[in-house]
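Novice: Sending over a structure as structure tokens; questions will come in a sec.
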Amino acid sequence: MRVDVEMSGGSPKLLERKQAVYRNLDERYEIHGEKYKGQQYSHIYFTRLHYMRNLLYSLVPKWKPNLPVNTVLGLEEEKECIIVGTIYKHMKLKPSILDEYSKERSKVPLAKPHNFVHPDDHLILEDESGRVKLAGSLLDPSAFVTGIVVALHGKETSEGKFFVLDMLEAGLPPQIKQPPSLTEDKFVVFVSGLSIGSSTFNPLQFQLLVDHITGHLGDENEQTFASQIVHFIIAGNSVQILQGLLNGQTIAPRDQSTLTEPIKELDILLNQLAAAMPVDIMPGPSDPANFSLPQQPLNRCLFPGASAYNTFISSTNPHQFELDDIQFLGTSGQNIDDLFKYSEAKNKLEFMERTLRWRHLVPTAPNTLGCFPFTDRDPFLIESCPHVYFVGNQDKYETTLLRGSDNQSVRLICIPKFCETGVAVMLNLRNLECHALSFSTSLNV
């Protein structure tokens, strides 16, 4: 993988692209032998509760050493204790199929808010023995969602509620020690929301990005910089297929070309990228992949050009991998977008931080976000803290460095939709600093 640079004397100078050791860790998100046989989603909740309860039990002696740990069924009135269970959030505005039926029968359509939080929402804690409504001002229902597992210190009231005095979350998981700082700069580029085939996609804008990072634009300094890019990540929503064509009916020949054209155009762009550097492509909600999480890799036959290169990797969503012993974990954005619908935070980075502290990548699945009905495991549990945690298809670029109580250090990155912002994100493996790459074809800059 070389980049040609024209020297002042006329003779080209060859720049060798830097390399990074890559290890794919997507195996836990791959569905191989598992088949749907009518199993219910209770299995995944039991698995989650069992794992998280054992984890929280190990933390309780240091947190509240002199308090007994009870089940919900074993609560006694006015006796302080600790209970561990799964949060259920009762939401007044949560959509239901009955509401959808009512809309069809009603002449006045119901409003469809982007956020379903309501002041009357309340929390319930449940385990295998039963459930109890939570009381007190310590827990703000707007900050929680159904599916997270916590330990609560409190007492049962005469009304049969559990008055919460304190709460313990699992906190950031243990982190593999970050390797010693690299002596040279190596960059990873993130992009998401290309939406090829939509009205907002600008082919020239993305071609500028491709030409820039492959070393076909700029002077010697910029091409030297491009040679330091060791990996390219596409975090979902690469194509936008007209939903009107996917109505279950036979597709007319002229509509077939409309259907396949965005994928062909994507393959041409991936072909250019894979010829220059390793490329990972993750599926997203609008891509031709399964809807429920974990989304399986896009079929390589969709990309006959890019698939000819061993640098082209079709990965799962979520996607987990290592580059030079730096651990990466990311999604195409569904987990954070769903948290935004059913809870509140000051920004998307706070939602990301919460998933790490709850040690669960997709806490709202399967309640409000579709996922495969696993029977013996919950692949979304975060057992090891990543060094870089990214989510795609967000409204704007945001980043921060999160530090944990046990010296964990995590770079959080919100990757904006490229078709709307023209922004990609570059991360330096040497120090985990990142910045935005902005491209525009407008003359009014």
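The values are calculated or read from the model by the stated rules, or taken from the named source; none is laboratory data. Just so you know, these numbers come straight off a predicted model, no measurement behind them. No Cβ is skipped: glycine too gets one built from the backbone with ideal geometry, and neighbour counts run over all protein chains shown. Accessible surface is based on the protein model in full, side chains and every heavy atom, while ligands, DNA and RNA are left aside. Shrake-Rupley method; radii C 1.70, N 1.55, O 1.52, S 1.80 Å.
Novice: I'd like to verify a number: residues in region 176-205 that are in contact with a Leu (Cβ under 6 Å, 6 or more places away or on another chain) and within 16 Å of M277 (Cβ to Cβ), how many?
Specialist: So the answer is 2.
Novice: Another question about this same structure. Restricting to region 164-202, count the residues that are buried (at least 20 other Cβ atoms within 10 Å of the Cβ) and of a type in the set (A, V, I, L, M).
Specialist: Going through region 164-202 one residue at a time, the tally reaches 8.
Novice: Only one of these is under 21 Å from the mean Cα position of the chain (by Cα) and in a loop (DSSP other than H, G, I, E, B): G284, G330. Name it. Before you say what the answer is, go through the steps one by one.
Specialist: Numbers: G330 fails: in a loop (DSSP other than H, G, I, E, B).
Criteria check complete, one pass: G284.
Novice: Right, next: If N66 passes every condition in (1) free of Cβ contacts under 8 Å to residues at least 12 places away in the same chain; (2) open to solvent by less than 80 Å² (accessible area, probe 1.4 Å) but one, which one does it miss?
Specialist: The single condition N66 does not satisfy is (2).
Novice: Considering only region 373-445, give the strands (runs of 3 or more DSSP E) lying wholly within it that have at least 1 residues that are of a type in the set (D, E, K, R) and more than 16 Å from the chain's Cα centre (by Cα).
Specialist: Numbers: elements: 388-394, 398-403, 409-416, 423-428, 434-438.
Qualifying strands (runs of 3 or more DSSP E): 398-403.
Novice: Can you name the residue in region 70-96 that is assigned to a strand (DSSP E or B) and among the polar types (S, T, N, Q) and, of all such residues, is farthest from S58 (Cα to Cα)? Walk me through how you get there before you give the answer.
Specialist: We begin by selecting, within region 70-96, every residue assigned to a strand (DSSP E or B); these are 70, 77, 81-90.
Still in the running and among the polar types (S, T, N, Q): 70, 86.
Working: N70: 15, T86: 17 Å.
Ranking the qualifying residues of region 70-96, first place goes to T86.
Novice: Give the residue, chosen from L356, L339, L349, that is at pLDDT 95 or above, under 14 Å from the mean Cα position of the chain (by Cα) and more than 22 Å from V191 (Cα to Cα). It would help to see each step written out before you state the result.
Specialist: Details: L339 fails: more than 22 Å from V191 (Cα to Cα); L349 fails: more than 22 Å from V191 (Cα to Cα).
None of the others qualify; the one that does is L356.
Novice: Moving on to the next point. How many residues does region 1-57 contain that are in a strand (DSSP E or B), open to solvent by less than 80 Å² (accessible area, probe 1.4 Å) and modelled with pLDDT of 95 or more?
Specialist: Here the count works out to 2.
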